[in-house]
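Heads up: the structure comes next, in structure tokens.
Any read-out appearing in this document is the output of simple, stated calculations on the displayed coordinates, not a laboratory observation. All values reported here derive from a predicted model rather than from experimental measurement. All Cβ positions, glycine included, derive from the backbone under ideal geometry; neighbour counts span all protein chains shown.
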Amino acid sequence: MNRKILSIVAIGLVAGGQLFFFNSCSNGGENNNSAQKDTTAAKSSADKADAALNNAKPTASQTIDLKITGNNMQEMAYSQAEIHAKAGSTVKLALTNTCTDASMLHNFVLTTDANVQSLINKGDIQGKNMPGVTAASKLLQPGQSDTITFTVPAAGTYPFICTYPGHYPKMQGKLIAE
């Protein structure tokens, strides 16, 4: 939809520029106020479209595709270090482990506990039935996917991590609830 809006705005700018050029030429190069107003209006519309795109807020429900990459401890990572969502909204998170190395097991655990090390120390690899856990995927083998749905907590910043032993230092990010 955003591409459609930008295409319409671009067409309007091109058409407005051509109108200004032809009107200027037909008046012997003199300034034509009508054409200037058309061009100014087109630029104003483009500016408004850009502002709307830059200030877009997360929607009431959204789907997020999150990939896990890397085939060793140095390369492993989530495809997004930050996820933005509207507080109180519903998120459907599609998690895919794109790794090919059989030792690269991963998950996604979203917590409201800022002290993620305490979560790691509890030793639950799945992370599901632990205090402070808002959402957790299953532990994924390479090539596997899981989809989880959860309600975004109140406005704030919340960590998400992989709870597989040794992965937390590299496998972490934050959900920003707005």
Exercise for the section: Mind jotting down the three principal axis lengths of region 126-178 based on Cα atoms? Whole angstrom, largest first. Expected result: 33, 24, 21
Exercise for the section: Order the peptides 152-162, 85-95, 64-74 from the highest to the lowest mean number of other Cβ atoms within 10 Å of their residues. Expected result: 152-162, 85-95, 64-74
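For a protection proxy built on the mean count of beta-carbon atoms within 10 angstrom, sort 133-143, 103-113 highest first, please.
Result, highest mean Cβ count within 10 Å first: 103-113, 133-143.
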Completion exercise
In Å³ per residue, the alpha-carbon convex hull of region 67-163 encloses 93 Å³
